[in-house]
């Protein structure tokens, strides 16, 4: 049987088809390899970029974790070393590629953070820029090696503000009401005072409230902060602005608003006026950039309501004596009258960190500088000592009390791992008092304080046997030591386990200069002015003995009461002034920033 023949053309067509499929498969495989290489390269470069960005982020964050604030001026070298150590710990080779570390200022522009390395006076922000050279393509390395440079940057800022004060935080309600009553014609309860002392108001909120009231000299958006603080206003307007500010910006104690409303209703609050700059002062920066930083810090600062309002009252009554004929508390001193004049009100000066004690831009707080006049009855009802009969007299005391001041120089110990508390360096100058003791004016006149440059004068009679009573005058003079005070630098620790406000330390000069020290060093001397020179020596010696043994101790005892029972509480528990020592306390700590801004 014959079989059909096979055509040679068919076999050639099949061969050609098989060859085309093979070439297509080869091209497909090459394409897949190229796409795979591209994917690997893209992923590799992405991971390299991501790793580099993570290293930059961690390095920038180390700036924020290193201290309470970033100081790219004074701590530049230490911060650069810290960044390089962080980079090395996270696998970045700083020897192969040196990181770029810049310091400057940060501010929000158009709802975005902007880092400004051009700032020279304030460097509270830092930026870390990294670069790394890697192969551009793994395949191209086989025939045409080429590299690409990846870069990553991250920036962070960190600032802090500290609320602090000097003096006593204890408040004697009765004595404070005596002073308030003389100034405002009203009084508050102990709960109200405590609520005012424990509530703080942010300056930005207070100024915003004053702006809403239409009280400010210039609009907040149009004028400088200095022009805004130059606003003249009444104590009533300040109280009303505080009511608005604390309602909106603070978590209030239930007794604070009633206390503010009660203050606002007192008879004389509308008659007292002041400038905000009398109590809130901006430090002088080295240039305009630093001044801008000071303004920012001032707006973020917080002040206790009691300090703010009492300071305003003292500023409004500055240079005028407040006569307080009847204290609202019995201090055990007969015929007691008090007059208070504020020479300088307490001041809160806003500055920047760090600073030296003598820098014009240092942050500081001062107590009031005051003059107090006291008078009291000496020998009430007279005193009959047999041979010597003394009339009623008065003793006068004036105290010119210099302001105490503390300046915050630096703060350290804000690292997240630090459990020992924050340390703060202050320069503190305790208050001193210049005391004068002498004539207190006529007995019973509570507005005439006499002339303390003259000795205490007591009329008396000496009974001489067989002779009529001989009138004499006893002059008692007091030699009071003069004290001085200088700034003392000291470092204190804020205990992280305790709440704020917190007393962090007390400062005393090397030599004691408290009121008690002064009292112990007062020298009293009595002189007898005899009208009748015929007074026999025996009687004269007897009288002089009585003066030394009886009268001078009585005067010393009354001086003790005036200094320690009247003057000291008025200073420490009304005006917040402790003479010869200075208590420094911290009321708030606010840290702004620390996270990445780019």
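At a glance:
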| item | result |
| --- | --- |
| Out of 285, 311, 332, sole residue that is on the phi > 0 side of the Ramachandran plot, in contact with a helix residue (DSSP H, G or I) (Cβ under 9 Å, 6 or more places away or on another chain) and in contact (Cβ under 8 Å) with a residue 12 or more places away in the chain | 332 |
| Candidates 520, 537, filtered to the one that is over 30 Å from residue 396 (Cβ atoms) and at pLDDT below 85 | 537 |
| Qualifying residue in the stretch 268-280 (condition: free of Cβ contacts under 8 Å to residues at least 40 places away in the same chain and either assigned by TED's automatic domain parsing to the domain that holds residue 239 or in a helix (DSSP H, G or I) (or both)) | yes |
| The stretch 191-205 - residue that is touching a strand residue (DSSP E or B) at 6+ places or on another chain (Cβ under 8 Å) and in a helix (DSSP H, G or I) and, of those, surrounded by the most Cβ atoms within 10 Å (Cβ to Cβ) | 196 |
| Number of the exception - residue 175 against (1) modelled with pLDDT of 85 or more; (2) part of a strand (DSSP E or B) | (2) |
| Matching residues in the stretch 293-316 - criterion: being over 18 Å from residue 209 (Cα atoms) and in contact with a strand residue (DSSP E or B) (Cβ under 6 Å, 6 or more places away or on another chain) | 294, 297, 314, 315, 316 |
| Test: residue in the stretch 331-343 that is part of a loop (DSSP other than H, G, I, E, B), out of contact with any strand residue (DSSP E or B) (no Cβ under 7 Å at 6 or more places or on another chain) and under 30 Å from residue 448 (Cβ atoms) | yes |
| Total residues in the stretch 40-93, condition in a helix (DSSP H, G or I), touching a residue at least 60 places away in the same chain (Cβ under 8 Å) and either within 15 Å of residue 128 (Cβ to Cβ) or in contact with a helix residue (DSSP H, G or I) (Cβ under 6 Å, 6 or more places away or on another chain) (or both) | 11 |
| Matching strands (runs of 3 or more DSSP E) fully within the stretch 406-507 where at least 3 residues are touching a residue at least 60 places away in the same chain (Cβ under 8 Å) and farther than 19 Å from residue 160 by Cβ | 433-439, 456-462, 470-479, 488-494, 502-507 |
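The values are calculated or read from the model by the stated rules, or taken from the named source; none is laboratory data. This structure is a prediction, so every number in the text was calculated from the model and none was measured. Heads up, the Cβs are rebuilt from the backbone with ideal geometry, glycines too, and the neighbour counts pull from every protein chain shown.
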